[in-house]
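A short worksheet on the structure shown next.
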Amino acid sequence: MASQNIKSALLRMETLQAQEENFWSARDFDMAEYPGSIVEIVPDRDAEYYVFASTHKSSSNSQSLTVHTPGNWGNADLGGRARTLNFAYAAKLKVIAQALSRLSPQLPGWQVSVEVDHHGPALGRPVLFAEIGSTENEWGLMAAGQIVAQAILDAIKSRETFPAYVGFGGSHYAPKFTPRIIGSGVAIGHLISGYALERDGCDAEMVAQAIEKNVEKPQGALIDWKGIKKEPKDRLVEALESAGIGWQKA
């Protein structure tokens, strides 16, 4: 429902020409529609990067606008492949988060969050999810669809660049990193939660993916120092230092 809402907004806001069934083209981007579970969709059309217009669900049923890089630090419980991160596009993620934050006063009480990496699909190109959460009451709200559509358009049309980092630690909605992405001059591509590090471990292979699978070369790692338990935090710092990757407390 949220995907259809955002699609309808894009069709109202941009000049999109239907090329064939479920495929449209605009000056700056193409839009395609696919059936099935969104966390399993692998687009059959090549692109520089993909933005998935998506539903967000949470157990709290909170009203929210979210953006994140998909990928699995551990098991593939919701699509994609186990222990496989996607390519992050930190600048585009930042522009979407900033636009969601700027426009969110139109929806009083709604929260804007950058989520940590989670769920599928697993793609060979950079990918982001821009989402409306988290119940049917929100998914079909026209104002929410327009805000997410505008944020996507801002990112598509932006040529801004920022110093990029990888973030480790904290909870699902990245309370330490979301304000930094929105309010500072830096961008953060991958966000790996503290609970993922505790549950699934932290080895050199996964740290290498987090650093290497980025459009922008990361300047280093940011660590939510209080958002990771001591044992996985020690392993993370050891892995980063062994790989020669600089880090700092967020």
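Just so it is clear, none of the values below were taken in a lab; they were calculated from the coordinates. Owing to the predicted nature of the structure, the values given are computational and were not obtained by experimental measurement. Methodologically, a virtual Cβ is constructed for each residue, glycine included, from the backbone with ideal geometry; neighbour enumeration extends over all protein chains shown.
Over 23 Å between C-alpha atoms is what I'm after, so list which of Lys92/Lys217; Lys92/Lys226; Lys92/Lys176 land there. Display every interim value, and only then the final one.
On the way: Lys92/Lys217 14 Å; Lys92/Lys226 28 Å; Lys92/Lys176 19 Å.
In this structure, Lys92/Lys226 exceed 23 Å between Cα atoms.
For the chain, give me the percentage of DSSP beta bridges that are antiparallel, rounded to the nearest 5 percent.
35
Classify the stretch 139-192 as rounded, prolate or oblate, taking a ≥ b ≥ c as the square roots of the eigenvalues of its Cα gyration tensor: rounded when a/c is under 1.5, otherwise prolate if a/b is larger than b/c and oblate if not.
oblate
Under 20 Å Cα to Cα from Lys57, which aspartates and glutamates show up? Leave out anything in the same chain fewer than 8 places away.
Output for Lys57: Glu40, Asp77, Glu115, Asp117, Glu131, Glu136, Glu138.
Over the stretch 1-139, what relative contact order in percent results from Cα pairs under 8 Å that are six or more residues apart?
Details: 262 pairs, mean separation 46.6, N = 139.
Dividing the mean separation by the residue count of the stretch 1-139 yields 34 percent.
Counting Lys +1, Arg +1, Asp -1, Glu -1, what net charge surrounds Ile182 among other residues with beta carbon under 15 Å of its beta carbon?
Net local charge, Ile182 excluded: +2.
Relative to the longest principal Cα axis of the chain, at what angle does helix 230-242 sit, 0 to 90 degrees, rounded to 10?
The helix 230-242 is inclined about 90 degrees to the chain.
For the stretch 1-66, run through the trypsin sites (Lys or Arg not before Pro) and keep only the ones in DSSP coil with at most 14 other Cβ atoms within 10 Å of their Cβ.
Hits after loop and neighbour filter: Arg27, Arg45.
For the stretch 9-53, what Kirkwood radius comes out of the mean inverse Cα-Cα distance, in Å?
Values: mean 1/r = 0.0865 Å⁻¹.
That comes to 11.6 Å for the stretch 9-53.
Using the basic label-point model (7 angstrom from Cα toward the beta carbon), what is the Thr135 to Lys249 distance in nanometres?
4.0
Out of residues 5 or more away from Trp247 or on other chains, whose amide H comes under 5 Å of its own, with H placed 1.01 Å from N in the peptide plane?
Under 5 Å from the amide H of Trp247: Ala221.
Sorted by average packing, counted as other Cβ atoms within 10 angstrom per residue and highest first, what order do 144-154, 96-106 take?
By packing density, highest mean first, the sequence is 144-154, 96-106.
Could you give the distance between the Cα centres of the stretch 19-40 and the stretch 55-75, to the whole Å?
When both Cα centres are located, 22 Å separates them.
I need the peptides 221-228, 111-118 ranked by packing, meaning the mean over residues of other C-beta atoms within 10 angstrom, with the highest value on top.
111-118, 221-228
With a point put 7 Å past each Cα toward its Cβ, work out how far Ser242 is from Ala143 in nm, to one decimal.
Those two pseudo-labels are separated by 5.2 nm.
Taking only DSSP H segments of four or more residues, each worth -39500 (n - 2.57), what value at 222 nm results for the chain once the sum is divided by all its residues, to the nearest 500 deg cm²/dmol?
Here the helix-only value at 222 nm equals -9500 deg cm²/dmol.
May I ask you to work out the translational diffusion coefficient for the chain at 20 °C, viscosity 1.002 mPa s, via Stokes-Einstein with Rh from the Kirkwood sum over Cα pairs, reported in whole µm²/s?
118
Restricting to Cα pairs below 8 Å that are 6+ residues apart, what does the relative contact order work out to for the stretch 37-107? Please round to a whole percent.
25
Quote the relative contact order of the chain in percent (integer), defining contacts as alpha-carbon pairs under 8 Å separated by 6+ residues. Present the calculation step by step, with values, prior to reporting the outcome.
Working: 544 pairs, mean separation 54.2, N = 250.
Reported as a whole number, the value is 22 percent.
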